[in-house]
Amino acid sequence: DAKTTQPNSMESNEEEPVHLPCNHSTISGTDYIHWYRQLPSQGPEYVIHGLTSNVNNRMASLAIAEDRKSSTLILHRATLRDAAVYYCILWRGAQKLVFGQGTRLTINP
Amino acid sequence: AAGVIQSPRHLIKEKRETATLKCYPIPRHDTVYWYQQGPGQDPQFLISFYEKMQSDKGSIPDRFSAQQFSDYHSELNMSSLELGDSALYFCASSLGGLAGGHNEQFFGPGTRLTVL
């Protein structure tokens, strides 16, 4: 499975934008970039995914570098409920999700 | 909207006992996944089923077995329990086949297994 690298932790303030980076230099052409998050004491939940173009949904935006070797998850206005571990996952078509280390996001009131 | 249901939510067992965890996927979802998350660790894939057939296998111990039934619910059977089996066990479901390269997985709340 292709590897992703994320910072261990990040901190931000409530109502400010948050940019969560992910490096995936060994990504292949068929890898989708997925983001999941795990809130405390809950199962992971899907956030967003993309292949080549930037993507937006009600939860977040995903900015994908032109060479696809990195991506950034953008939370436009963080709330306390966004405090979670965020996982960047490359999905090559196999059904399983391979969770790496993830970024623990802390939101300050 | 209906979510993935897991039972029981908490389970306490002694070493060498057996445990059965159940998962009820979202209606019409045909694929079920099992993940194990040890204390302070990230979720690790165990096994998955598509249309009642095993579709992928991760680092699942031989002491564990699982199956998906005709109503698509799944059970994870764990025998000869060890202290190291204490973990959160998540079930997820999705709608998709073997080519589901970007299918969203919906996770249940998990079963917390404690082995004493």
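The values are calculated or read from the model by the stated rules, or taken from the named source; none is laboratory data. This one's a predicted model, so the numbers in the text were calculated from it and none came from an experiment. For neighbour counting, all protein chains shown are included, and Cβ atoms are generated from backbone atoms with ideal geometry for every residue, glycine included. Heads up: the accessible areas ignore ligands, DNA and RNA and are worked out on the full protein's heavy atoms, side chains in. Shrake-Rupley method; radii C 1.70, N 1.55, O 1.52, S 1.80 Å.
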It is to be established whether one or more residues within the range A:21-32 are modelled with pLDDT under 95, open to solvent by 50 Å² or more (accessible area, probe 1.4 Å), within 11 Å of chain B (Cβ to nearest Cβ) and closer than 19 Å to A:S9 by Cα.
no
Taking B:F45, is it more than 15 Å from B:S7 (Cβ to Cβ) and in contact (Cβ under 8 Å) with a residue 24 or more places away in the chain?
no
State all residues of the range A:33-49 that are within 8 Å of chain B (Cβ to nearest Cβ) and within 14 Å of A:K69 (Cα to Cα); if no residue qualifies, say none.
A:H34
Considering only residues that are assigned to a strand (DSSP E or B) and farther than 12 Å from A:N23 by Cα, which ones fall in the range A:64-86?
A:I74, A:L75, A:A84, A:V85, A:Y86
Among residues belonging to the range B:89-114 that are in a loop (DSSP other than H, G, I, E, B) and modelled with pLDDT of 80 or more, point out the one that is surrounded by the most Cβ atoms within 10 Å (Cβ to Cβ).
B:Q105
I'm told B:G58 meets every condition in (1) in contact with an Asp or Glu (Cβ under 8 Å, 6 or more places away or on another chain); (2) surrounded by fewer than 22 Cβ atoms within 10 Å (Cβ to Cβ) except one. Can you identify the failing condition by its number?
(1)
When you check A:R37 against the structure, is it farther than 21 Å from B:G38 by Cα and basic (K, R), yes or no?
no
Specify which of the listed residues (A:S71, A:S53, A:S41) is free of Cβ contacts under 8 Å to residues at least 24 places away in the same chain and either within 10 Å of the chain's Cα centre (by Cα) or within 20 Å of B:A92 (Cβ to Cβ) (or both).
A:S41
Number of positions in the range B:23-43 that are surrounded by 18 or more Cβ atoms within 10 Å (Cβ to Cβ) and within 9 Å of chain A (Cβ to nearest Cβ)
5
Reported set for the range B:28-45 where residues are over 24 Å from A:R104 (Cβ atoms) and in contact with a Leu (Cβ under 9 Å, 6 or more places away or on another chain) is B:R28, B:H29, B:D30, B:T31, B:W34
Working carefully through the options A:A84, A:A65, find the one that is open to solvent by less than 50 Å² (accessible area, probe 1.4 Å), of a type in the set (G, A, S) and within 14 Å of chain B (Cβ to nearest Cβ).
A:A84
Consider B:K13 carefully, then state whether it is touching a residue at least 24 places away in the same chain (Cβ under 8 Å) and either within 14 Å of the chain's Cα centre (by Cα) or surrounded by 13 or more Cβ atoms within 10 Å (Cβ to Cβ) (or both).
yes
Going through A:I64, A:I107 one at a time, which residue ends up being of a type outside the set (G, A, S) and either closer than 19 Å to B:F45 by Cα or within 12 Å of the chain's Cα centre (by Cα) (or both)?
A:I64
